[in-house]
Every structure is written in C-alpha cells, then in structure tokens.
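Each reported figure results from applying straightforward, stated rules to the coordinates on display, with no laboratory input. Predicted, not measured: the structure shown is a model, and the values here were computed from it. Note that each Cβ is placed from the backbone with ideal geometry, even for glycine, and that neighbours are counted across all protein chains shown.
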Amino acid sequence: ELKVEQNPLFLSMQEGKNYTIYCNYSTTSDRLYWYRQDPGKSLESLFVLLSNGAVKQEGRLMASLDTKARLSTLHITAAVHDLSATYFCAVRGGSNYKLTFGKGTLLTVNP
Amino acid sequence: NAGVTQTPKFQVLKTGQSMTLQCAQDMNHEYMSWYRQDPGMGLRLIHYSVGAGITDQGEVPNGYNVSRSTTEDFPLRLLSAAPSQTSVYFCASLSPVGGEQYFGPGTRLTVT
C-alpha cells in the first residue's frame, strides 16, 4: 500500500525567508503532484513531476523529484504573505490512476 | 470551457437520507475520481472510473455508490447518510496529456 508522508505539517515563516517542504513516499511511482489549497477553496495544480531529476519552477516555488530516494521537495524562496496556504503532494502508485495524498502542509507567512 | 463542475455547493442532510452529488466535466477525460477531505487527513479517494461503464473502489468506498454512464458525468450517491460522512467532497478528472488532474469546486456536506 502506497503511503505518502509530508513534513512539516505546519510551517510558520517570515516574509523573505526560504524553506522546504518534503514529500516522502513508500513505493515506486512515476508521477508526483503538488497542489495548493486556499481556505474554503478547491485544489489548484502547481506542478506535475514525471521523471527522476525533474525540476519545475513557478515564481517563488520550485519542485523537484528524486525517484530513487522516493522524495520530492517544494522549495519556497523569499516567501511572501500571498504564499500562505495549504500545500499537498500526491503520488500516483504503479500503473493505475489512483492518487494518494499527503496530509498537507499549512504554510503561514508572517510579515 | 467549464472544466469540472459540481453541484450542489452546500448540502445538509439528516441521518438516513440519501442524495446524489453531481459531477460533470467537458474535457472528454476518461479518468474521473471522487475524494473526500477531512481536517488533518488530506484527500482520500472514494471511487474512481477509467471510462464509461467502468468504476472501481478507492481507499474509503463504504457508504457510497458510483456509476458512469457517460464520459462527462460521474455522480456519487450516498445511500443512507451518516454523520461520519460530513466532509468536503471533490470530484476530479485527469488529462491523459501531461497527467494534469483538474478538481471541481467541491461540495460541503453536513449530516446531522
């Protein structure tokens, strides 16, 4: 059974600082997703990582995937208040389309 | 292009009532799924479908039924609502190109 672990679950940081959210998963996977969710809203897709060594960047967020270590990271550079949200990683296990989600990281960026 | 739509946005049910949550997508995606989101639990897969006429169970299927008669629609039925089904429900469809998964706006369900 595929398990996905995110850490930290809660992250409070100051504007301008850098930090990384980690997503570990337990079995082989060929696809990893990062989503953002604002309170009371749906999930917004940030990145889809398809291969080992994949790195994608959008603004102050950069995601990477190491399939050998079964680890993805979401790096936040020079955080701003607008990045405050809950971030989820989700992993596709095997050849089916089922996604398993991590529990999410609640990020709060303080002025 | 509406993407993934869900109705209703909010619903309150009494224990034992039944209802159907509607989900539709206009992107011609074969794969669709239903998730529930509870505080501190992330999203958990309820049921999914890989095409019209084909459905399968996810992680938490008990108390829910699905059917897929068309590519566009994937309704979720609660047969006899229970307070444990109080949750936010999201429907999603998956693009075969690039693997992007699109989520609907969600249905917030309360069972009293």
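Points worth noting:
- Those residues of region A:1-41 which are within 19 Å of A:Y97 (Cβ to Cβ), surrounded by 14 or more Cβ atoms within 10 Å (Cβ to Cβ) and polar (S, T, N, Q), in sequence order: A:S26, A:S29
- Scanning region B:59-109 for residues that are surrounded by fewer than 14 Cβ atoms within 10 Å (Cβ to Cβ) and among the β-branched types (V, I, T) yields a count of 2.
- B:S95 being away from chain A (no Cβ under 14 Å), over 11 Å from the mean Cα position of the chain (by Cα) and hydroxyl-bearing (S, T, Y): no
- Subset of region B:5-41 [hydrophobic (A, V, I, L, M, F, W, C), assigned to a strand (DSSP E or B) and farther than 30 Å from A:P8 by Cβ]: B:F10, B:V12, B:L13, B:M19, B:L21, B:C23, B:A24, B:M32
- Exactly one residue among A:A54, A:A79 is within 14 Å of another protein chain (Cβ to nearest Cβ), surrounded by 12 or more Cβ atoms within 10 Å (Cβ to Cβ) and of a type in the set (A, V, I, L, M, F, W, C), and that residue is A:A54.
- The requirement of being in a strand (DSSP E or B), closer than 9 Å to A:V91 by Cβ and out of contact with any helix residue (DSSP H, G or I) (no Cβ under 8 Å at 6 or more places or on another chain) is fulfilled nowhere in region A:7-17; no residue meets it.
- Residue that is nearest to the other protein chains (Cβ to nearest Cβ) [pool: residues in region A:27-44 that are touching a Phe, Trp or Tyr at 6+ places or on another chain (Cβ under 9 Å) and outside any loop (DSSP other than H, G, I, E, B)]: A:L43
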